[in-house]
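S.K.: So that we are looking at the same thing, I have put the structure below in structure tokens.
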Amino acid sequence: MTRADLPLMHEWMNREHVRRWWSDAATPEAVEARYGDAIDGAEPTRMFVIEVDGVAAGSIQTYLLSDYPKWIGDEPGVAGVDLFIADESLTGRGLGPRVLAEFAKTIVFADEAVTALVAAPEVANLASVRAFEKAGFRRERELPGERARELLLRLER
């Protein structure tokens with residue numbers, strides 16, 4: 001992802017099916033504040049645009065838990081992942097699990113030091129929970145979450 005993608009991120013994050021779960025970046029300034037430093041490399045989160053047939057279709061990011069120990073603790077060798085599918089017509093068709101599985105294999109686990117990948121969608125986001133489970137993630141426990149209860153899911157190498 002580059003700064004040139006920020007207007008698209010803003011547009012995506014204001015789509016109802018995305019905003020429902022990602023409600024923190026409603027203005028262009030908020031999107032830039034949230035993602036600009038990561039795009040510039042000033043934060044350790046790595047951000048990517050999901051493409052389907054050469055067309056931008058969503059966003060996925062990864063980070064090491066050790067870089068954000070206040071979230072669920074500093075567990076060496078464990079990375080986190082977050083994603084959304086921006087085109088609602090592509091949801092519910094197996095794209096999420098395919099993206100997660102490929103991303104884990106080619107990006108996250110390409111780093112030999114990473115032994116597990118975790119995610120924490122809101123408990124109420126059943127479609128997201130199912131997508132992670134279809135990609136091989138297993139349920140670990142519930143967490144308080146920023147806005148609502150979250151379900152910690154884990155994929156081992």
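None of the figures in this text is laboratory data; all of them are computed from the coordinates on show. It should be emphasised that the depicted structure is a prediction, and the values quoted were computed from it without experimental measurement. Using ideal geometry, Cβ is built from the backbone for each residue, glycine included, and neighbour counts are taken over all protein chains shown.
S.K.: Restricting attention to the range 44-54, which residues are without any contact (Cβ under 8 Å) to a residue 24 or more places away in the chain and either among the polar types (S, T, N, Q) or surrounded by 14 or more Cβ atoms within 10 Å (Cβ to Cβ) (or both)?
M.R.: Within the range 44-54, just Thr45 meets the criteria.
S.K.: Within the range 17-43, how many residues turn out to be in contact (Cβ under 8 Å) with a residue 40 or more places away in the chain, assigned to a helix (DSSP H, G or I) and over 24 Å from Ile107 (Cα atoms)?
M.R.: 1
S.K.: Have a look at Ala131, Ala104, Ala57, Ala86 and point out the one that is in contact (Cβ under 8 Å) with a residue 24 or more places away in the chain, closer than 25 Å to Leu8 by Cβ, buried (at least 16 other Cβ atoms within 10 Å of the Cβ) and in contact with a Pro (Cβ under 7 Å, 6 or more places away or on another chain).
M.R.: On the way: Ala104 fails: in contact with a Pro (Cβ under 7 Å, 6 or more places away or on another chain); Ala57 fails: in contact with a Pro (Cβ under 7 Å, 6 or more places away or on another chain); Ala86 fails: in contact with a Pro (Cβ under 7 Å, 6 or more places away or on another chain).
Within the list Ala131, Ala104, Ala57, Ala86, the selection yields Ala131.
S.K.: Taking the condition part of a helix (DSSP H, G or I), polar (S, T, N, Q), over 22 Å from Gly36 (Cβ atoms) and in contact with a helix residue (DSSP H, G or I) (Cβ under 9 Å, 6 or more places away or on another chain), does Ser128 pass?
M.R.: Working: part of a helix (DSSP H, G or I): yes; polar (S, T, N, Q): yes; over 22 Å from Gly36 (Cβ atoms): yes; in contact with a helix residue (DSSP H, G or I) (Cβ under 9 Å, 6 or more places away or on another chain): yes.
It is true that Ser128 is part of a helix (DSSP H, G or I), polar (S, T, N, Q), over 22 Å from Gly36 (Cβ atoms) and in contact with a helix residue (DSSP H, G or I) (Cβ under 9 Å, 6 or more places away or on another chain).
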